[in-house]
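Reviewing the structure listed below.
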Amino acid sequence: MQVFLVEDSPLVRERLITLLGSVPGARVQGCASDAQAAIRDILASRPDVVVLDLKLTKGSGFDVLRAVHAEAPAIDFYMLSNFASEPYRRLAGKLGARDFFDKSSEFERVRDVIAQRAAANPA
């Protein structure tokens, strides 16, 4: 299973790469830190899953979700943000995200949902 990370913090990005590296069958195939690069690279590579931060260096995770989900609805999006209030969670779901995790309290859940998805859909 191919995973693409959209995260502007190098430290968080490295932590996610390490975390997801422990998931059998999952491989991080690419990363981006701004919305335009993410949109371009996700549409070019068509990963199975995107882990998407809300606040990016340029643009937002919602920009990426709007652009890519409309064009490639089979890609599963999971948002991960420090801004996990209910209005953001609702908007993410409305735009097509499968789930929304708070970085401060639900970081490890990203690994769990990716592991469940990888186990349910082995390559």
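Worth a mention:
- Taken over region 84-123, the criterion of being part of a loop (DSSP other than H, G, I, E, B) and more than 20 Å from C31 (Cβ to Cβ) is satisfied by A84, S85, G96, N121, P122, A123.
- Matching residues in region 84-123 - criterion: being surrounded by 19 or more Cβ atoms within 10 Å (Cβ to Cβ) and either at pLDDT below 90 or of a type in the set (V, I, T) (or both): V110, I114, R117, A118
- Residue list for region 1-50, filter: of a type in the set (K, R) and touching a Gly at 6+ places or on another chain (Cβ under 9 Å): R27
The values are calculated or read from the model by the stated rules, or taken from the named source; none is laboratory data. Predicted model only: the values in this text are computed from it and were never measured. In this analysis, Cβ positions are derived from the backbone assuming ideal geometry, glycine residues included, and neighbour counts consider all displayed protein chains.
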